[in-house]
Amino acid sequence: MTVYLPRTLEPILRKTAKEFPAVVLTGPRQSGKTTLLRHVFGRRAHYVSLEPPDVRAAAGADPRGFLDAWRPPVILDEIQYAPDLLPYIKERIDAKRSLKGRYLLSGSQNLLLMQQVAETLAGRAAVLHLLPLSRRELAGESKAPPPWERRAPRGEVLKGEREAFWTAALHGGFPELATEPRRDVALWYGSYVQTYLERDVRTLRQVGDLTQFQTFLRALAARSAQLINLTDMGRDLGLATNTVKAWISVLEATHQIAILRPYYANVGKRLVKTPKVYFTDTGMLSYLAGIRDPAHAAAGPMAGAIAETAVVSEVLKSFFHRGAEPRLYFWRTATGDEVDLVIETPTGLLPLEVKATATPSPAMARGILRFRESVREARADGYVVHIGDVWLPLGGNISALPFGTL
């Protein structure tokens with residue numbers, strides 16, 4: 001029996017359903033969207049999956065009759081399979097605009113789904129995003145705020161963090177793996193990639209050679225947490241730059257990867273400078289990179305990339321799972337100064353440096369100090385996130401922050 005783990009998004013989902021006639025929940029496949037909707041609304045809402053062909057056909061043949069058969073509130077799962085329902089949902093919402101939380105929609109193919117929602121349900125639907133489980137959700141701390149919004153005692157010790165980090169990094173955050181620890185992780189991710197290729201990529205972008213796309217995925221995994229030049233990548237793989245760009249857009253739109261752009265005060269510069277790419281799940285990254293053992297991950301050449309990917313993923317989840325839009329960047333100068341992650345907060349830009357070490361030192365904060373000297377909007381604090389056990393001061397109002405507190 002699958003165990004339900006409380007999600008940080010729960011209270012936001014309930015609140016949003018009281019304020020909007022419709023709620024759209026998007027995210028990667030198997031991130032827990034259906035489970036969350038049924039947990040929050042299942043006792044009072046009907047549930048319909050639009051994935052089965054016969055249900056899809058019924059919705060397409062007689063949309064009004066189909067909606068008549070399922071009186072609100074209703075959960076319409078995998079709405080991207082029946083996009084023609086959206087104008088009829090709009091029609092019903094407009095007829096009784098004051099009624100809230102009537103249509104609870106979920107979908108995985110964010111690219112097409114969001115275009116359709118924007119065109120049809122603008123002003124009528126709130127859009128929320130659910131990624132795989134965060135570290136706090138896995139630890140049963142779904143209501144805990146991120147560390148930059150709280151004060152933890154300096155010198156706090158978290159036992160066994162280093163070993164736990166690498167094991168968790170290979171396992172990833174998909175609920176099915178988290179709640180069934182005996183599952184074969186590599187087998188599960190292999191199946192996920194195949195399903196993802198067949199359903200989402202072929203639907204959103206025509207991919208003639210799936211083997212070539214798998215090669216592209218592995219090459220992208222090898223570049224996680226690095227600057228990505230689409231032209232160079234296309235040349236290395238024998239692909240047109242437009243093809244690489246299209247495939248990356250699919251992965252980003254379906255929340256498989258996140259793209260971070262460099263921070264510049266001039267917004268136009270951010271858009272044209274070379275970005276960095278991150279997978280949103282470290283288990284997927286490790287699988288595609290061929291890493292199957294925690295010791296191999298810790299000692300191998302991708303240790304730093306996995307650690308940095310884990311931190312970026314956690315920060316993304318801390319925003320998305322509270323219904324907020326993340327504004328994340330990295331910072332790098334021509335002279336070699338850099339900060340791995342810059343978070344835009346209401347009180348300024350917060351710099352985070354990530355180190356795949358259990359022994360943080362003040363020297364690791366140099367980039368943060370340079371950032372604060374160079375960027376007027378920088379906050380007066382910062383963090384060196386590491387995979388060790390201790391939260392401790394590094395000087396200059398910079399703290400060494402264990403990953404286990406994110």
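Pull up the range 115-133, narrow it to residues that are among the aliphatic types (A, V, I, L, M) and out of contact with any strand residue (DSSP E or B) (no Cβ under 7 Å at 6 or more places or on another chain), then point me to the one that is modelled with the lowest pLDDT. I'd like the intermediate steps shown before the answer.
Of all residues in the range 115-133, those among the aliphatic types (A, V, I, L, M) come to 117-118, 121-122, 125-128, 130-131, 133.
Subsequent filtering for residues that are out of contact with any strand residue (DSSP E or B) (no Cβ under 7 Å at 6 or more places or on another chain) retains 118, 122, 131, 133.
Working: 118: 78, 122: 89, 131: 96, 133: 97.
Taking the candidates together, the pick is 118.
Looking at 132, 87 in this structure, which one is in contact with a Ser or Thr (Cβ under 8 Å, 6 or more places away or on another chain) and part of a helix (DSSP H, G or I)? If you could, list the steps in order and put the result at the bottom.
Values: 132 fails: part of a helix (DSSP H, G or I).
That would be 87, the only listed residue that is in contact with a Ser or Thr (Cβ under 8 Å, 6 or more places away or on another chain) and part of a helix (DSSP H, G or I).
Report whether or not residue 16 is of a type in the set (Ser, Thr, Tyr), at pLDDT below 90, at negative phi and under 25 Å from the mean Cα position of the chain (by Cα). Lay out the reasoning, then the answer.
On the way: of a type in the set (Ser, Thr, Tyr): yes; at pLDDT below 90: no; at negative phi: yes; under 25 Å from the mean Cα position of the chain (by Cα): yes.
No: the conditions fail for residue 16.
Test residue 290 against the stated conditions and say whether it is assigned to a loop (DSSP other than H, G, I, E, B), out of contact with any Phe, Trp or Tyr (no Cβ under 7 Å at 6 or more places or on another chain), in the same structural domain as residue 334 (by TED's automatic domain parsing) and under 22 Å from residue 166 (Cβ atoms).
Working: assigned to a loop (DSSP other than H, G, I, E, B): yes; out of contact with any Phe, Trp or Tyr (no Cβ under 7 Å at 6 or more places or on another chain): yes; in the same structural domain as residue 334 (by TED's automatic domain parsing): yes; under 22 Å from residue 166 (Cβ atoms): yes.
Yes, satisfied.
Within the group 298, 258, which residue is in a helix (DSSP H, G or I) and in the same structural domain as residue 185 (by TED's automatic domain parsing)?
Working: 258 fails: in a helix (DSSP H, G or I).
Testing whether each residue is in a helix (DSSP H, G or I) and in the same structural domain as residue 185 (by TED's automatic domain parsing) leaves just 298.
Surrounded by fewer than 22 Cβ atoms within 10 Å (Cβ to Cβ), in contact with a helix residue (DSSP H, G or I) (Cβ under 9 Å, 6 or more places away or on another chain), more than 30 Å from residue 311 (Cβ to Cβ) and among the basic types (Lys, Arg): does that describe residue 102?
The answer is yes for residue 102.
Residue pairs, Cβ under 7 Å, 6 or more apart or interchain, first in the range 178-203 and under 15 Å from residue 31 (Cβ atoms), second surrounded by 14 or more Cβ atoms within 10 Å (Cβ to Cβ) and of a type in the set (Phe, Trp, Tyr). List them.
Once the first residue is under 15 Å from residue 31 (Cβ atoms) and sits in the range 178-203, its partners that are surrounded by 14 or more Cβ atoms within 10 Å (Cβ to Cβ) and of a type in the set (Phe, Trp, Tyr) give 189/287.
If we scan the range 336-353, do we find a residue that is crowded, with 17+ Cβ neighbours inside 10 Å, farther than 30 Å from residue 127 by Cβ and out of contact with any helix residue (DSSP H, G or I) (no Cβ under 7 Å at 6 or more places or on another chain)?
No.
Consider the range 370-381. How many of its residues are without any contact (Cβ under 8 Å) to a residue 60 or more places away in the chain and under 14 Å from residue 331 (Cβ atoms)?
Qualifying residue count for the region: 7.
Please go through the range 319-369 and give me each residue that is closer than 23 Å to residue 9 by Cα, touching a residue at least 24 places away in the same chain (Cβ under 8 Å) and in a strand (DSSP E or B), ordered by number.
The initial filter retains those residues of the range 319-369 that are closer than 23 Å to residue 9 by Cα, namely 319-328, 343-346.
Narrowing the set further to residues that are touching a residue at least 24 places away in the same chain (Cβ under 8 Å) leaves 320-323, 328, 343, 345.
Within the range 319-369, 328, 343, 345 qualify.
Could you list, in sequence order, all residues of the range 282-330 that are basic (Lys, Arg) and surrounded by fewer than 18 Cβ atoms within 10 Å (Cβ to Cβ)?
Our first condition is that a residue be basic (Lys, Arg); within the range 282-330, this holds for 292, 317, 322, 327.
Across the range 282-330, the qualifying residues are 292, 322, 327.
Between 214, 206, 194, 226, which is at pLDDT below 90, closer than 23 Å to residue 301 by Cβ, out of contact with any His (no Cβ under 7 Å at 6 or more places or on another chain) and polar (S, T, N, Q)? Lay out the reasoning, then the answer.
Working: 206 fails: closer than 23 Å to residue 301 by Cβ; 194 fails: closer than 23 Å to residue 301 by Cβ; 226 fails: at pLDDT below 90.
None of the other options fit; the residue is 214.
Give the range 243-267 a look and list any residue that's of a type in the set (S, T, N, Q), at pLDDT 85 or above and over 11 Å from the mean Cα position of the chain (by Cα), or say none.
243, 249
Quick one: which strands (runs of 3 or more DSSP E) lie wholly within the range 1-79 and hold at least 1 residues that are loosely packed, with under 13 Cβ neighbours inside 10 Å, in contact (Cβ under 8 Å) with a residue 24 or more places away in the chain and assigned by TED's automatic domain parsing to the domain that holds residue 107?
By residue number, no strands (runs of 3 or more DSSP E) qualify.
The values are calculated or read from the model by the stated rules, or taken from the named source; none is laboratory data. Bear in mind that the values here come from a model prediction, so they are computed numbers and not experimental data. With ideal geometry, Cβ positions are generated from the backbone for all residues, glycine too; neighbour counts draw on all protein chains shown.
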